[in-house]
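Worksheet for the structure shown next.
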Amino acid sequence: MGAEPQVISKYKVATRSSHRTSNLLTHHMDWVTILLYFLLVALGWMNIYAAVYSPDNIVNILSFDINSGKQLVWIGASLILIIVLLVVDYKVYEHLAYPIYGGIILLLLVTLVVAKPIAGSRSWLDLGAGIRLQPAELAKFATALAVSKYLSSVNLRQQNFKDQMILAAITFVPPMIIVLQNETGSALVFAAFILAFFREGMSPLILIIGCAAAAIFILTLLVPKLYLIIGIAALVGLALWLDYRLMRRLKTIIALFLLVVGMIFSVDYFVNNILQPHQQNRIKALINPEADPLGYGWNVTQSKIAIGSGGFIGKGFLEGTQTKFDFVPEQSTDFIFCTIGEEHGWIGSTVLIALFIFLLIRIVGIAERQRSVFGRTYGYCVASIIFFHFLVNVGMTIGLAPVVGIPLPFFSYGGSSLWSFTILLFILIALDANRAKDLAR
């Protein structure tokens, strides 16, 4: 009997310690970022309802027969997921980064084999009861973990060729499989990891070359080849004239110029012979949607009409005529920004953009205050992925980016997308909360 009080005493000490740890964790969470998350999710849910709302057949926003009701289920499941992500020991994310990555790669391969074609894509797993999962979305957070784990074990500034190839393989194996699933848009997102690499010491030359190549590709589609070559030659000549020291590298400059000329003449072949017809149409729609407003230019044209019709203050919630009459396809998913533009106008669009910019600033701030390379790199991976989605999604609705079919983070309809971004963000919040908790001890 004498031992019983001692056992009770140890239990009370352990309980107090557990409560203290829990209080430290919740106290040091970045509640501003969490509030931004729930605000974006709530606004997205309301606009999903607005996108499917019909005055001729009014359905309750909670009805499971429409997208808003289905999205509410995914939101509820996300709340459970958030609790799990925060309760799990944060060290698990680093220790199991490679097994998680390997498991998602295996899931992508299984999906490629067993998935049924949906709109030409084999990227959805049917889980029954009308529930589908897109592993391509989950590959983003898995790759972010694996990349962060690898970069925490090497110095990117001093990497040898072998390390660079390993990093490239970790980053680009998932999008290669996703391309085979015919989900080009989701595969393009992985290019955003370059921004995280740049923060960790990657040579800016790679980023400059990539941006230059993209600019030349677009200019080749807009400007006659001869004019473009003459313009580039004139710029090279001007640079040599302004800085005679560049003459020492004349052979290298000439080689680069010839490489650019070769790229200019290869663009037509790439577009006409490598890209699939629907991909060619997306490029045509980006360059000149008015050339075929009833064909490949329909989505972009109607999207811009919807946004423009909203004016300064918008038509009001559930009052969008373009939305009501289904002029814009996929308006609750890829083109949900149109709903904001039409019903809430320039003011609503600006507020939404400001919220995303504020969120990105918060995420970068969280990344910078991490004490470990793993935490910092992971934070920049999260920021890069969300930034790419935000930039391209908004850009394609206003005709500044090709229509590649990627959702607006936390906002668009889709359970896989919501889960993917929730996991991405709350792993970072867990890492940051535990960092602050360790400092407070």
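Numbers for the structure displayed
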read-out	value
Å² per residue, accessible surface of the stretch 32-176 at 1.4 Å	51 Å²
Stretchable slack from residue 83 to residue 98, in nm (0.36 nm times residue separation minus alpha-carbon distance)	3.1 nm
Label-zone membership for the stretch 199-219, site residue 255, 7 angstrom Cα→C-beta point, backbone N under 17 Å	206, 209
Rg/Rh (Cα only; Kirkwood hydrodynamic radius) as it applies to the stretch 145-277	1.04
Anchor residue 149: aspartates and glutamates whose Cα lies under 19 Å away (excluding residues fewer than 8 positions away in-chain)	89, 94, 163, 200, 368, 432
³J(HN,Hα) computed for each position of the stretch 416-422 - Karplus, 6.51 cos²θ - 1.76 cosθ + 1.60, integer Hz, glycine/proline x	4, 5, 4, 4, 4, 5, 5
For residue 118, residues with placed amide H under 5 Å, excluding near neighbours	123
Label zone at residue 247, where the point sits 7 Å out along the Cα-to-Cβ direction: the stretch 202-235 residues whose backbone N lies under 20 Å	233-235
Accessible carbon and sulfur surface of the chain relative to its total accessible area, %, 1.4 Å	69 percent
Stretch gain in nm, segment residue 61-residue 179, where the contour uses 0.36 nm per residue and the Cα spacing is subtracted	38.9 nm
Two-decimal ratio, the stretch 349-441, of alpha-carbon radius of gyration to 2.2 N^0.38 Å	1.19
Placed amide H near residue 333: partners under 5 Å, 5+ positions off or other chain	413
Candidate aspartates and glutamates for bridging to residue 70, where Cα separation is under 19 Å - those fewer than 8 sequence places away on the same chain excluded	126, 137, 330, 334
Pairs of Cα atoms farther than 19 Å apart, the stretch 40-185, %	66 percent
Qualifying chymotrypsin sites (Phe, Trp or Tyr not before Pro) in the stretch 311-414, DSSP loop, other Cβ atoms within 10 Å at most 13	312, 325
Distance histogram in 10 Å bins (all Cα pairs of the chain, percent per bin)	4, 18, 26, 25, 16, 7, 2, 1, 0, 0
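The values are calculated or read from the model by the stated rules, or taken from the named source; none is laboratory data. Keep in mind it's a predicted model, so treat the numbers as computed, not measured. Every residue, glycine as well, gets a Cβ built from its backbone with ideal geometry; the counts of neighbours run over all protein chains shown. Accessible surface is based on the protein model in full, side chains and every heavy atom, while ligands, DNA and RNA are left aside. Shrake-Rupley method; radii C 1.70, N 1.55, O 1.52, S 1.80 Å.
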